[in-house]
Each structure stands twice: as C-alpha cells, then as structure tokens.
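The values are calculated or read from the model by the stated rules, or taken from the named source; none is laboratory data. None of these values were measured; they are calculated from a predicted model. Side chains included, ligands, DNA and RNA excluded: accessible areas come from the protein's heavy atoms. Shrake-Rupley method; radii C 1.70, N 1.55, O 1.52, S 1.80 Å.
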Amino acid sequence: TLPAGLGNFQGANSIRYDLLMAGAVIASLPVIVLYLVAQRWVIEGISRSGLKG
C-alpha cells in the first residue's frame with residue numbers, strides 16, 4: 001500500500017524528504033481530482049442540508 005511504500009524513504013539515519021513529499025503529492029492527486037469532478041454535487045448537498053459555513 002501507499003503508506004508502506006512511503007515508509008521506505010525513511011531510513012534509520014536519514015529521510016529522503018524530496019521523494020517522500022513527491023509521493024505524498026502523487027498520492028493526494030486522485031482525491032483532489034475526484035473532488036473537483038464532484039464539487040457541484042458536494043456544494044449542492046451542503047446547501048440542501050441547511051448547513052451554514
């Protein structure tokens with residue numbers, strides 16, 4: 001899984017921050033794209049439920 005794969009960039013004495021951050025960005029891209037596609041329905045659902053924000 002992705003967290004186990006990102007854990008490989010952390011060694012006993014060093015952490016590869018560049019690869020770790022690149023992996024985190026790549027891991028978050030599908031969630032961001034899904035939200036951008038479904039944003040219309042998310043906002044519509046919030047407005048129908050009566051939540052203020």
Computed over the Cα atoms of the range 3-50, the Rg and Dmax in Å are 17.0, 52
The percentage of the accessible area of the chain (probe 1.4 Å, all protein chains present) made up of carbon and sulfur atoms, to the nearest whole number, is 67
Taking a probe of 1.4 Å and leaving out DNA, RNA and ligands, the chain shows per residue an accessible area in Å² of 88
To the nearest 10 degrees, the tilt of helix 17-49 (Cα long axis) against the first principal axis of the alpha carbons of the chain is 10
